[in-house]
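So the structure is just underneath, and the comments pick up after that.
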Amino acid sequence: MELLRSWAEVNLAAVQQNLAAVRNHIPATTRIMGVVKANAYGHGAARIAEAIVDGVDAFGVANATEAHEVARHAKGKPVYLLGIVLPSERADVIASDFIPPISSLEEAAAYSALASGKKAKIFVSIDTGMGRMGVWQDDAKEEINKITQLPDIEFTGISSHLPVADEDDAFTREQLARFHAIAGEIRDSVAPHALIHIENSAGLIGFPEYIGSMVRPGLMLYGVSPRPEFESRLTPALTWKTRVILVREVEAGRTISYGRAFTTDRSMRIATLAAGYADGYPRQVSGKGAYVLIHGQRCPVLGRITMDQTMVDVTHLPKVSSSDEVVLLGSQGSETISAHTLGQWAGTIAWHILTGITGRVTRVYTGISD
Ligand SMILES: *Cc1c(COP(=O)(O)O)cnc(C)c1O
């Protein structure tokens, strides 16, 4: 059998368990939008959508291209677009029954005009501090009042987004209270059936008292908690692996990789691995104390990550040889490298690490039989 060189094992049963952990954390009547944007955070949108479709009430994606892929596995459940739609994409969005976010009366009117007889489903985003899209909070009541009066619009709900739900609890609590006051007033006066949703993973973990009628978990479905208090209830679904492709004994004074940033200060055993930054392994971890796992042991990264290969120190592992498995992210033996840890080494966040795993990395699914 041909061996894979760089691959991600995705445990679909773990994703289902993580969804169950979300379900158990929120009231039974609260809906769940499973956020599967960016190829389900690098895990593979089609297989993740299939695995969770029976446990979610809706799906969330970034754009219409992603929505078309997910809709094939959604069993008719609504597919929400979380990113702003281009004017040229609107007709397809309406025809496909995707639910786009609205940032202004003009945008809603454009959907109404295009819908011609069919009801265009929309939801309105309120800017309560994210500054990315939506109607500014002070104008929300008036704008939404007008939007609900447009013909050919089906107003499904009111949303907002939390910019600091894992960084600033005081702001987040105040923001949530403010949003629910505005959204509740709108629902009571003009939109009794509106779904009210604001909470991402960090929001629903940290602030269950502000849950609204639907939550939008992403990261936590993949087993990575943005807040430490929920970590023990989640199982990371993805293990990223590569292989040793060469082992060499080198003497002191050799330089390793581009920039010659690392010089051996003694004789060392060095393994070259079959993955680099073109696989998504961040080049920024060079010189930051990063390590990989081989034979269950930590092996420090040496010198700069190159496009296709990475060198690590295996001086302490006399039995390492070509084709041995290496864990770049995940667990091996009793050691674990989390997406947070790899993100810290790279000066970035877990979301960026997972979505940065490139197409060269084969996704292999475990945990559910085909
Ligand atoms: C990505 C996204 C989410 C999910 O966020 P996580 O932090 O991954 O849970 C929820 N809502 C919106 C609008 C998003 O863009």
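How would you classify the stretch 12-224 from its alpha-carbon gyration tensor, with a ≥ b ≥ c the square roots of the eigenvalues: rounded for a/c under 1.5, else prolate if a/b is greater than b/c, otherwise oblate?
Working: a/c = 1.83, a/b = 1.15, b/c = 1.59.
Verdict is oblate for the stretch 12-224.
Starting from the Kirkwood Rh over alpha-carbon pairs, what translational D in µm² s⁻¹ does the chain have by Stokes-Einstein at 10 °C and 1.306 mPa s? Numbers along the way, then the final one.
On the way: Rh = 22.3 Å.
Estimated via Stokes-Einstein, D reaches 71 µm²/s.
List GLU185, GLU2, GLU107 from most exposed to least, where exposure is judged by having the fewest other Cβ atoms within 10 Å.
GLU2, GLU185, GLU107
Per 0.36 nm of contour for each residue apart, how much would the distance between ASP97 and ALA252 grow if the chain were fully extended, relative to their Cα-Cα spacing?
That pair, ASP97 and ALA252, stretches by 49.4 nm at full extension.
Is the shape of the stretch 238-337 best called rounded, prolate or oblate, per the rule: a/c under 1.5 gives rounded, else a/b larger than b/c gives prolate, else oblate, with a ≥ b ≥ c the square roots of the Cα gyration tensor eigenvalues?
oblate
Using the count of nearby Cβ atoms within 10 Å as a rough guide to exposure, how do MET268, MET307, MET220 rank from fewest to most?
Fewest-to-most ranking of MET268, MET307, MET220: MET307, MET268, MET220.
Given H placed on each backbone N at 1.01 Å, which residues far from LEU302 in sequence or on other chains put an amide H within less than 5 Å of it?
When sequence neighbours closer than 5 places are left aside, the close amide H contacts are MET311, VAL312, ASP313.
Past the 22 Å Cα-Cα mark, which pairs from LYS37/LYS288; LYS37/LYS77; LYS37/LYS141?
Cα-Cα > 22 Å for LYS37/LYS288; LYS37/LYS141; rest within.
Quick one: which residues, 5 or more positions from ASP324 or on another chain, have an amide H under 5 Å from its amide H? H modelled 1.01 Å from N in the peptide plane, none for Pro or chain starts.
VAL244
If the only charges are +1 at each Lys and Arg Cβ and -1 at each Asp and Glu Cβ, what is the size of the charge dipole of the chain around the Cα centre, to the nearest 20 debye?
1100 debye
Going by how many other Cβ atoms sit within 10 Å of their own, how do VAL10, VAL224 line up, fewest first?
VAL10, VAL224
SER323 to THR358: FRET efficiency via 1/(1 + (r/R0)^6), r the Cβ-Cβ distance, R0 25 Å, to the nearest 0.05?
Efficiency at R0 = 25 Å is approximately 0.65.
Over the chain, what is the mean sequence separation of C-alpha contacts under 8 Å (at least six apart), divided by residue count, expressed as relative contact order in percent?
On the way: 815 pairs, mean separation 66.9, N = 370.
Answer for the chain is 18 percent.
How high is the FRET efficiency from SER88 to THR341, r the C-beta distance, R0 41 Å, rounded to 0.05?
For R0 = 41 Å, the calculated efficiency reads 0.50.
Taking amide H atoms as placed 1.01 Å from N in the peptide plane, list the residues 5 or more away in sequence, or in a different chain, whose amide H sits under 5 Å from that of ARG363.
Here ALA8 satisfy the definition.
Report the extension gain between GLU2 and ARG227 in nm, rounded to one decimal, defined as 0.36 nm multiplied by the number of residues separating them, less their alpha carbon distance. Each step should come with its number before you reach the end.
On the way: separation 225, 0.36 × 225 = 81.00 nm, distance 4.00 nm.
Here the segment from GLU2 to ARG227 would lengthen by 77.0 nm.
Across the stretch 266-272, in residue order, what do the Karplus-derived ³J(HN,Hα) couplings come to in whole Hz, using 6.51 cos²θ - 1.76 cosθ + 1.60 with θ = phi - 60° and x for Gly and Pro?
Values per residue, Gly and Pro as x: 6, 6, 9, 9, 10, 9, 9 Hz.
Per residue of the stretch 175-191, what does 6.51 cos²θ - 1.76 cosθ + 1.60 with θ = phi - 60° give for ³J(HN,Hα)? Whole Hz please, x for Gly and Pro, Karplus curve as stated.
Couplings: 4, 5, 4, 4, 4, 5, 5, 5, 5, x, 5, 5, 4, 5, 8, 10, 9 Hz.
A short reminder: the numbers here are calculations on the coordinates, not readings from a lab. The model shown is predicted, which means the values in this text are computed figures rather than measured ones. Cβ sites come from the backbone with ideal geometry, for glycine too, and all protein chains shown count toward neighbours.
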